[in-house]
Amino acid sequence: MKHPHNRARRAFVKFAGLSASAPLLGAMGTFGTLAACGGHDDSDSGATTPPAAQDPIWGPSGSATQIVNALQSVSTAMFPGRQFLVTDYGAKPCAVVAAANPYTDPAKSPLSTGADQTNAPGSFDSRPAFLAAIAACNAAGGGHVVVPAGTWYCAGPIVLLSNVDFHLSANCTIYFSPNPADYAKDGPVDCGANGKLYYSRWQANDCLNYGPPVYARNQNNIAVTGEGDTSVLNGQAMTLSPAAATPQRAGGHGKEIPACTAA
């Protein structure tokens, strides 16, 4: 199975370099302004210039740089070669229809790429098949859960388990439900009227919240991979929820853990 180089990673590294250079450019601009205004520029006076402080995020030992360095060793070869096709577990592709821009002035709120289409009404929900394939892959010791080319509808979080690579083939798009209720229907913690929620974090606080489109907790050696720009997870954040008249997205403010008791 083909696994090309990760373009997103290269873009991430490139962005890191650009961001790290910003403080240097700003400092150069300051010196030029000082001299032009008649101030004293002692850059050639022999005075010792203190070392510049390192950027704690993008600097040589910054947290973002550490993440970039750690990703260099990531490879799909870390997973066993066995494959689990989601169609073997009941997944069925869905039809796609045009999606209108929900905003009153499309010129001021242009659609992002792919937002002009959505899954057709009544689409088959392949989420149970995705979860079944993930469970089988995990039970077998790991491998690749493969979603073939095509368009697929998923009404809720894809919950990953250890040693599973969830792989989108080329020309594969998964449309996630835009209905928030689908992300609070079968989480691990029953909060009654608030739904069955997921352990999460909101602004650095532990909380119970809607599940994200892709979720994992206390799992190891997991991945979501694809084959370039045609492997797409479409969260449909601009798609109207069937239960609302305004654009909705699966998310919202977290609910504090003390407010709920595990069933």
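The values are calculated or read from the model by the stated rules, or taken from the named source; none is laboratory data. Keep in mind it's a predicted model, so treat the numbers as computed, not measured. As a convention, Cβ positions derive from the backbone with ideal geometry for all residues, glycine included, and neighbour counts pool all protein chains shown.
T151 - would you say it is within 21 Å of the chain's Cα centre (by Cα), among the hydroxyl-bearing types (S, T, Y) and either surrounded by fewer than 18 Cβ atoms within 10 Å (Cβ to Cβ) or under 26 Å from A77 (Cα atoms) (or both)?
No; evaluated as a whole, the condition is false for this residue.
Given the conditions (1) closer than 23 Å to N234 by Cβ; (2) surrounded by fewer than 21 Cβ atoms within 10 Å (Cβ to Cβ); (3) β-branched (V, I, T), report the number of the one that I67 does not fulfil.
Against the list (1) closer than 23 Å to N234 by Cβ; (2) surrounded by fewer than 21 Cβ atoms within 10 Å (Cβ to Cβ); (3) β-branched (V, I, T), I67 comes up short only on (1).
Go through the stretch 172-227 and give me each residue that's within 17 Å of I158 (Cα to Cα) and small (G, A, S).
S177, A181, A184, G187, S200, G211, A216, A223, G226
Can you give me the number of residues within the stretch 183-197 that are surrounded by fewer than 22 Cβ atoms within 10 Å (Cβ to Cβ) and either closer than 27 Å to T151 by Cα or not charged (D, E, K, R) (or both)?
The total comes to 8.
Hey, which of the strands (runs of 3 or more DSSP E) in the stretch 78-124, taking only ones fully inside, have at least 2 residues that are hydrophobic (A, V, I, L, M, F, W, C) and surrounded by fewer than 16 Cβ atoms within 10 Å (Cβ to Cβ)?
Strands (runs of 3 or more DSSP E) meeting the threshold: 96-98.
Can you tell me which condition M78 does not meet? The list is (1) at pLDDT 50 or above; (2) farther than 25 Å from I174 by Cβ, and all the others hold.
Among (1) at pLDDT 50 or above; (2) farther than 25 Å from I174 by Cβ, the lone unmet condition for M78 is (2).
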